[in-house]
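Colleague: This is the structure, below, for whatever I ask next.
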Amino acid sequence: MTLLSRTKEIAKKRGMSMESLANKVGISKSGIYQWDKHEPKPSTIQKVADVLHVSTDYLLGRTDEMNPTTAENVKKADIDDDELLLSFQGKDITPEYRDAIIAILRTMPDRDKDGNII
């Protein structure tokens, strides 16, 4: 499976059009369709992987696991992070829903790695 076909497949699973994907990444839709002829820059592949919530290795066909999880790549979320909760199942959430989710998260007690309230 090629980079283009994997990208199209996962975008479809996420309910995202190729045009929407291109806009979020900051490239042209026609540029994506050229990937069968010219491989994009690594930075572009990384941006696409980030938008689609998959690894670059998955997009490049190096693995069939979309999101390998290791201790090195797990990032702790911060509810004040602007990147938090921009989409759910590949679809953008409204600012109202985002604010409501953040309000709920702020009411939750902090917990340690064992789940104990701290």
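The values are calculated or read from the model by the stated rules, or taken from the named source; none is laboratory data. Nothing here was measured: the structure is a model prediction, and the numbers come from that model. Cβ placement follows ideal geometry from the backbone for every residue including glycine, while neighbour counts extend to all protein chains displayed. Side chains included, ligands, DNA and RNA excluded: accessible areas come from the protein's heavy atoms. Shrake-Rupley method; radii C 1.70, N 1.55, O 1.52, S 1.80 Å.
Colleague: Rank these residues by their accessible area, most exposed first, probe 1.4 Å: Asp57, Asp99, Asp64.
Modeller: Numbers: Asp57 65, Asp99 95, Asp64 125 Å².
Largest accessible area first, the residues go Asp64, Asp99, Asp57.
Colleague: Net charge near Leu60, counting Lys/Arg +1 and Asp/Glu -1 over other residues with Cβ under 15 Å of its Cβ?
Modeller: Numbers: positive: Arg6, Lys8, Lys41, Lys47, Arg62; negative: Glu9, Asp36, Glu39, Asp50, Asp57, Asp64, Glu65.
Net local charge, Leu60 excluded: -2.
Colleague: If DNA, RNA and ligands are ignored and the probe is 1.4 Å, what is the ranking of Thr44, Thr107 by accessible area, most exposed first? Don't skip to the answer; put the middle values down first.
Modeller: Details: Thr44 20, Thr107 110 Å².
Descending order: Thr107, Thr44.
Colleague: Any chance you could look up the accessible area of Met1 with a 1.4 Å probe, heavy atoms only, rounded to 10 Å²?
Modeller: We get 140 Å² for Met1.
Colleague: Kindly write out, for the stretch 11-25 in residue order, the coupling ³J(HN,Hα) from the Karplus curve 6.51 cos²θ - 1.76 cosθ + 1.60 (θ = phi - 60°), rounded to whole Hz, with x marking Gly and Pro.
Modeller: Once θ is set to phi - 60°, the couplings for the stretch 11-25 become 4, 5, 4, 8, x, 10, 6, 5, 5, 4, 4, 4, 5, 5, 7 Hz.
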